[in-house]
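Student: Below is a structure I'd like to ask you about.
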Amino acid sequence: MPAGAPAAPVLEVDHLIQRFRVPGGTLEAVSDVSFTIGRGATLGLVGESGSGKSSIGRAVIQLPPPAQGAVRLDGRDLTTLSKAELRDARSGIQMIFQDPVSALNPRRRVRDIVAEGPAILGWPRERAEQRVAEILTQVGLDPAAFGDRRPHQLSGGQCQRVAIARALIVEPRMLICDEPVASLDVSVQGQILNLLEDMRGRYGLSMLFISHDLSVVHAVSDQIGVMYLGQVVEYGDADVITREPSHPYTRGLLDAVPVPDPHAALPETRLRGEIPSPMSPPSGCRFRTRCGFAQDRCATEAPVLRPIDTGQVVACHFPLHGGAAPAVQEPAVAEVTNTSGQGGH
Amino acid sequence: MTAETTPGAPGPAAGAPPALLSVSGLTCELPTPAGPVRPVEDVSFTLGHGKTLGIVGESGAGKSMLARALMGLVPRGATLSGDVVLDGVSISRLTGKDRRKVLGAGIGLVFQDPMTSLNPVVPIGRQITEGMRFHKGIKGREARGIGIDLLRQVGVNDPAKRYDQYPHQLSGGMRQRVTIAAALACDPKVLIADEATTALDVTVQKQILDLLQSIQRDREMGLVIITHDLGVVAGRTDGIAVMYAGQVVEKGPTAVLFDAHRNRYTAALLRSMPRLEDEPHQKLATIAGAPPQPRALPPGCRFAPRCGFAQPECSQGPLELVRDAPGHHYRCVNPREVPAAVGDEQPYASATGIQQ
């Protein structure tokens, strides 16, 4: 962690709220989430389906833009840009998705898929071709062998490599990865995670890494934000979150991770039931309906994120450690900040 | 938990006393334009009463085809050989109606995606009771009563109301509970869960695995958990069989398979799992390349082209399963050495899981 003033963050997400109109009303998928990501740093977002983690990723890249709040890339607020300005700005922020096969146009050749960004940005042909060959090599695909193939001729892992090449060819500052390895085999998962780490180092990339799997998030992240029903409930350094989780929900998520060790006792299943509908989140603490430690206060007063002595911030009245929340709290400042400012290694 | 792993007795051990399910030399051959392929080749294992077997492998390893082959649910034109004996009845000798009766009622199957295994336009109650109406002639109010009771057993809240609802009205986890209820409707002797929790959140996955385990214990069923995730089977099975390219490459009691595995693919698979104990940003161990196409299998060891320990001998001639210890078999020319304490590799899954 560098001393002195940290460099300006690459991405600042400020009080982001995302709503969707659904049959029967409006659904708030993301409720007031703020964070910043420094250059070369990776923030992992983890939570169950319906926690709003993917909605954040999409709101950051303005697909669709958030209902409220600011998303600043290198200080420039993406939510205020015109269509044309946004198209230019998108070369600074790219995304890869869970299902790499359906993310690629099945009728186009790998070479053309990867060259899409340069084409939109109007690069000269020669430069684009050269860069396609370069980036394909960097993601581990021989341009001569793979350039003319179509997605159906590739494995899932190879498709994800193509998607990574397509995202990185324009040298973005920020890469959003939405469950990039969830549909891949374990042996291939590692290859893709290693490739992402490699690219992060090569390009000084910052990453927002979204996954439901804590062990995957932990492997690549500097910090981890745990999401529940649209809110960040715990945030801190990756190893603090996984070693000393303070929020009962984080504990539950950790206990649910299958451990490949036949001698480890299976942890008791404390996290019962399923995530409630975001249409009508519980009052007070949204997690209280599934929490084994909930008390009266949890139903009436929404906990706010506050720092505790193990270094993370947690939104819980009665966290597993770090002491109960003070009776009177400051007005909520849900500021989640990436502190390291640069990648590990 | 489940693992009263008395050496020799559990899971895939050969020669165990009367097995509930015994599979020997099961092979499934499919005709393709390029010649026949064998997605399942010479698979043998036994499953005792009240025991749990894990079948682990990556996509394309043949694990799902194995589940289908067990049930005789193979594509048209496929030929099955080998023998499947369920509770003393050899299924291979049965045909048509008799076979359906033994298999349909005797083995319950739960698939990965409940949204495709459930019919979206039929109320879930009718889907749960379909098997008992067909196999046991239980109908009307009696079927409804049993169906509602099954829903209660699998943890569906408000079962009487849910009974008349449609699949889309339920969450993914609830739908999977419904398919489990349907699989249990005929009191099967064996329940096969084919990647039943893969599409679910980790939290719901744990609930469903706990549920399967408690049902298995209550009913003293045999349970087969098919998964790509070694973590899912680690604390919940008596024995594990690892599959690669259609073959079982290693099988043995669960603890032995984790601690004293010999096969290099098993080792690589275990090593490639990201672990919470490791520091972030560490390079993850991977397996280079991809599994072979069924039409172009390498000679000899099918894992050899991806194996870091491959020798020229690995690619010569077919490779047999070797017995390492009672109940522990593997297929490998240059197996991993397993000395008592320390070796050339980290002993994975040591008691604490902490690697120095």
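Student: Tell me whether region A:5-24 contains one or more residues that are without any contact (Cβ under 8 Å) to a residue 60 or more places away in the chain and within 14 Å of chain B (Cβ to nearest Cβ).
Tutor: Yes, region A:5-24 contains at least one residue that is without any contact (Cβ under 8 Å) to a residue 60 or more places away in the chain and within 14 Å of chain B (Cβ to nearest Cβ).
Student: I've got another one for you. Only one of these is more than 27 Å from A:HIS212 (Cα to Cα), free of Cβ contacts under 8 Å to residues at least 12 places away in the same chain and touching a strand residue (DSSP E or B) at 6+ places or on another chain (Cβ under 6 Å): A:ASP142, A:ASP112, A:ASP77. Name it.
Tutor: A:ASP77
Student: Could you please find all residues in region A:243-261 being within 18 Å of B:GLN205 (Cβ to Cβ) and either at the interface with chain B (Cβ under 10 Å from one of its Cβ atoms) or surrounded by fewer than 24 Cβ atoms within 10 Å (Cβ to Cβ) (or both)?
Tutor: Those that are within 18 Å of B:GLN205 (Cβ to Cβ) and either at the interface with chain B (Cβ under 10 Å from one of its Cβ atoms) or surrounded by fewer than 24 Cβ atoms within 10 Å (Cβ to Cβ) (or both): A:TYR249, A:ARG251, A:GLY252, A:LEU253, A:LEU254, A:ASP255, A:ALA256, A:VAL257, A:PRO258, A:VAL259, A:PRO260, A:ASP261.
Listed here are the residues, each with its yes/no results for (1) at positive phi; (2) within 19 Å of the chain's Cα centre (by Cα).
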residue	(1), (2)
A:GLU129	no, no
A:ASP148	no, no
A:GLN160	no, yes
A:ALA163	no, yes
A:PRO172	no, yes
A:ALA182	no, yes
A:GLY190	no, yes
A:ASP198	no, yes
A:GLY204	yes, yes
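Student: To continue, here is another question. Kindly indicate the residue of region A:153-163 that is in contact (Cβ under 8 Å) with a residue 24 or more places away in the chain and within 14 Å of another protein chain (Cβ to nearest Cβ) and also surrounded by the most Cβ atoms within 10 Å (Cβ to Cβ) among those meeting that condition.
Tutor: Only one residue fits best here, namely A:GLN160.
Student: While we're here: Take residues that are free of Cβ contacts under 8 Å to residues at least 12 places away in the same chain and within 9 Å of another protein chain (Cβ to nearest Cβ) and tell me which of the strands (runs of 3 or more DSSP E) falling wholly in region A:164-237 contain 3 or more.
Tutor: Details: elements: A:174-178, A:206-211, A:223-228, A:231-237.
Those strands (runs of 3 or more DSSP E) do not exist here; none qualify.
Student: To continue, here is another question. What pairs come out if I take residues in region B:26-37 that are surrounded by fewer than 16 Cβ atoms within 10 Å (Cβ to Cβ) and pair them with residues that are hydroxyl-bearing (Ser, Thr, Tyr) and not in a loop (DSSP other than H, G, I, E, B) whose C-beta lies under 9 Å away, six or more apart or interchain?
Tutor: B:PRO31/B:THR79; B:PRO36/B:THR79
Student: Just one of B:ASP201, B:ASP187 is out of contact with any Phe, Trp or Tyr (no Cβ under 9 Å at 6 or more places or on another chain), without any contact (Cβ under 8 Å) to a residue 40 or more places away in the chain and among the charged types (D, E, K, R); which is it? Please lay out each step first, then the result.
Tutor: Working: B:ASP187 fails: without any contact (Cβ under 8 Å) to a residue 40 or more places away in the chain.
Exactly one residue qualifies, and that residue is B:ASP201.
Student: Quick check: is even one residue across region B:141-155 surrounded by fewer than 16 Cβ atoms within 10 Å (Cβ to Cβ), farther than 28 Å from A:GLY273 by Cβ and more than 14 Å from chain A (Cβ to nearest Cβ)?
Tutor: yes
Student: Residue check, A:ARG39 against (1) within 17 Å of the chain's Cα centre (by Cα); (2) modelled with pLDDT of 95 or more; (3) within 30 Å of A:PRO143 (Cβ to Cβ), all met but one. Which one?
Tutor: It fails just one condition, (2).
Student: Could you please find all residues in region A:249-273 being in contact (Cβ under 8 Å) with a residue 24 or more places away in the chain and either over 22 Å from the mean Cα position of the chain (by Cα) or in a loop (DSSP other than H, G, I, E, B) (or both)?
Tutor: Listed by number, the list holds a single entry, A:VAL257.
Conditions (1) touching a residue at least 24 places away in the same chain (Cβ under 8 Å); (2) buried (at least 24 other Cβ atoms within 10 Å of the Cβ); (3) facing another protein chain (nearest Cβ under 8 Å), marked per residue:
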{"position": "B:ARG217", "(1), (2), (3)": "yes, no, no"}
{"position": "B:GLY231", "(1), (2), (3)": "yes, no, yes"}
{"position": "B:VAL249", "(1), (2), (3)": "yes, yes, no"}
{"position": "B:PHE258", "(1), (2), (3)": "yes, no, yes"}
{"position": "B:ARG264", "(1), (2), (3)": "yes, yes, no"}
{"position": "B:GLU279", "(1), (2), (3)": "no, no, yes"}
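Student: Please go through (1) in contact (Cβ under 8 Å) with a residue 12 or more places away in the chain; (2) loosely packed, with under 15 Cβ neighbours inside 10 Å; (3) within 22 Å of the chain's Cα centre (by Cα) for B:ALA105 and return the number of the only condition it doesn't satisfy.
Tutor: Every listed condition holds for B:ALA105 apart from (2).
The values are calculated or read from the model by the stated rules, or taken from the named source; none is laboratory data. These numbers were taken from a predicted model, which means no experiment stands behind them. When we count neighbours, we look across all protein chains shown, and the Cβ atoms used for this are built from the backbone with ideal geometry, even at glycine.
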